[in-house]
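First the structure, in the form of structure tokens, and then the observations on it.
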Amino acid sequence: MNIVPKERQIRVLMGLVEGNSLRSLERQTGTHRDTIMRLLVHTGEGCAKLLDKKMVDLPCRYVQVDEIWTFVRKKQRMLTKTEKRNPELGDQFCFVSLDSDSKLIISHCVGKRDGRTATQFMADLQRRLTNRIQLTTDGFDPYVWAVENAFGSDVDYGQLVKIYKANGAGRGRYAPPECVEAISTVINGEPNPYKISTSYVERQNLTMRMSLARLARLSLAFSKKLDNLKAALALHFAWYNFGRVHGSLRVTPAMEADIADHIWTMEELLGGL
């Protein structure tokens, strides 16, 4: 990786954040896929440290949380009994928190969709904020305890549960059926009922699937190792926050949140690691 010219490194990383797979970039750039993977892991680890350093003391008001599904090596139902004992294989979820005003990704956490990951995620979110927030999650049960453990009573917390029409979708269909009702519930404090929403963070899920080949549905570009998935997500979120202009904001989320004063280039992102 160290002997790959800087210009080619930037070209490869730009391809990765635009949704290209390793093998397509191998063909486009003439760089071996193993070299691309080493560059991704190295850069992703640096981006994780950058996000940990920059995403602090944030004066957010409204925060939305959601999880996005993917898998490592095999889908959960295809794992052997031995493989099922390895938490780094099978179904994985990326928990994401988003500031509704600036569209900034505040924090993320990768793991199984269980109470342990939810608790770790909420604790990480809480330490990055400076004031009381209104928080919205879906109806995932472990969130209630995780939020209470992280925030105590110092949060206005509501859940939004969507009810979908049972229309007998066939096997292999990934699009959700029609949403017939959305039920909002106040869990703690006095959240503004008009702000109990997960629309922005759910839209971010689409951005992730379009920008990360390993999250795309019905493709061969899945992650073979959990560390590779974590590195790819860290690179995506760092670029999304600092280098990608948001369509509705006309600036990057980091600029809108006043933690950056200009649009970062990929070269600047690499230089800041």
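Over what distance in Å are the Cα centres of segment 106-149 and segment 244-273 separated?
Each part reduced to its Cα centre gives a spacing of 25 Å.
In nm, to one decimal, how far is the modelled label at residue 76 from the one at residue 120, with both set 7 Å along Cα→Cβ?
Result for the modelled spin labels: 1.6 nm.
Could you check what % of the DSSP bridge pairs in the chain are antiparallel, to the nearest 5?
Counting DSSP beta bridges with both partners in the chain, the antiparallel share is about 75 percent.
In the neighborhood of residue 180, defined by Cβ-to-Cβ distances under 15 Å, what is the net charge if each Lys or Arg adds +1 and each Asp or Glu adds -1?
The answer is 0.
R0 = 35 Å: FRET efficiency of residue 14 with residue 86, Cβ-based, nearest 0.05?
Values: r = 33 Å, r/R0 = 0.95.
In this case the efficiency is close to 0.55.
Calculate the FRET efficiency for residue 179 and residue 207 from the Cβ-Cβ distance with a Förster distance of 35 Å, rounded to the nearest 0.05. Numbers along the way, then the final one.
On the way: r = 20 Å, r/R0 = 0.57.
Here the calculated transfer efficiency is 0.95.
Give me log10 I(q)/I(0) at q = 0.08, 0.12, 0.14, 0.16 Å⁻¹ for the chain, Debye formula, one equal scatterer per alpha-carbon, no solvent.
For the chain, the Cα-only Debye profile gives -0.34, -0.78, -1.06, -1.33.
Which number do you get for Rg(Cα) / (2.2 N^0.38 Å) in segment 31-189? List each step's numbers first, then the result.
On the way: Rg = 18.1 Å, N = 159, 2.2 N^0.38 = 15.1 Å.
Dividing the Cα Rg of segment 31-189 by 2.2 N^0.38 Å gives 1.20.
Where does the chain land at 222 nm, in deg cm²/dmol rounded to the nearest 500, when only DSSP H runs of n ≥ 4 count, each adding -39500 (n - 2.57), divided by all residues? Intermediate results must be reported in sequence, preceding the final value.
Values: 10 runs with 108 residues, N = 273.
For the chain, the value works out to -12000 deg cm²/dmol.
Over segment 62-181, what relative contact order in percent results from Cα pairs under 8 Å that are six or more residues apart? Don't skip to the answer; put the middle values down first.
Working: 192 pairs, mean separation 24.5, N = 120.
Computed value for segment 62-181: 20 percent relative contact order.
At 1.4 Å probe size, with every protein chain present, just tell me what the per residue accessible area of the chain comes to in Å². If you can, show how the numbers build up before the last one.
Working: 14220 Å² over 273 residues.
In whole numbers, the chain has 52 Å² accessible per residue.
When the Kirkwood hydrodynamic radius is evaluated over all pairs of different C-alpha atoms of segment 69-142, what value in angstrom, to one decimal, is obtained?
After inverting the pairwise mean of 1/r, the radius is 13.9 Å.
May I ask for the percentage of alpha-carbon pairs in segment 149-264 that lie more than 23 Å from each other?
For segment 149-264, the fraction of Cα-Cα distances above 23 Å is 55 percent.
Under 10 Å, Cα contacts only: if you run a Gaussian network model on the chain, which one of 218, 58, 160 comes out with the highest mean-square fluctuation?
Maximum fluctuation in the GNM of the chain, among the listed residues, is at 218.
What full-extension length gain, to one decimal in nm, is calculated for residue 53 and residue 131 as 0.36 nm per residue of separation minus the Cα-Cα distance? Walk me through the numbers before you get to the answer.
Details: separation 78, 0.36 × 78 = 28.08 nm, distance 1.85 nm.
26.2 nm is the gain from fully extending residue 53 to residue 131.
Of 196, 36, 183, which is the most mobile in a GNM of the chain whose springs link Cα atoms less than 10 angstrom apart?
183
Helix 115-126 versus the longest principal axis of the chain: what is the Cα-based angle in degrees, 0 to 90, to the nearest 10?
Roughly 90 degrees between the two axes.
Using only the alpha carbons of segment 21-95, determine the length spanned along each of the three principal axes and report them from longest to shortest in whole angstroms.
Cα extents, longest axis first: 42, 39, 18 Å.
Got a number for carbon plus sulfur as a percent of the chain's accessible area, 1.4 Å probe?
50 percent
I need the trypsin sites (Lys or Arg not before Pro) found in segment 174-256, filtered to DSSP loop residues with at most 14 other beta carbons within 10 Å of theirs.
Taking segment 174-256 and a limit of 14 other Cβ atoms within 10 Å, the loop trypsin sites (Lys or Arg not before Pro) found are 217, 224, 225, 250.
Roughly how tilted is helix 226-242, in degrees to the nearest 10 and between 0 and 90, from the longest Cα axis of the chain?
Relative to the chain, helix 226-242 is tipped by roughly 80 degrees.
Rank 142, 59, 177 by mean-square fluctuation in a GNM of the chain with C-alpha springs under 10 angstrom and give only the top-ranked residue.
Ranking 142, 59, 177 by mean-square fluctuation puts 177 first.
The values are calculated or read from the model by the stated rules, or taken from the named source; none is laboratory data. The model shown is predicted, which means the values in this text are computed figures rather than measured ones. Every residue, glycine among them, receives a Cβ derived from its backbone with ideal geometry; neighbour counts consider all protein chains shown. With ligands, DNA and RNA removed, areas are computed over all heavy atoms of the protein, side chains included. Shrake-Rupley method; radii C 1.70, N 1.55, O 1.52, S 1.80 Å.
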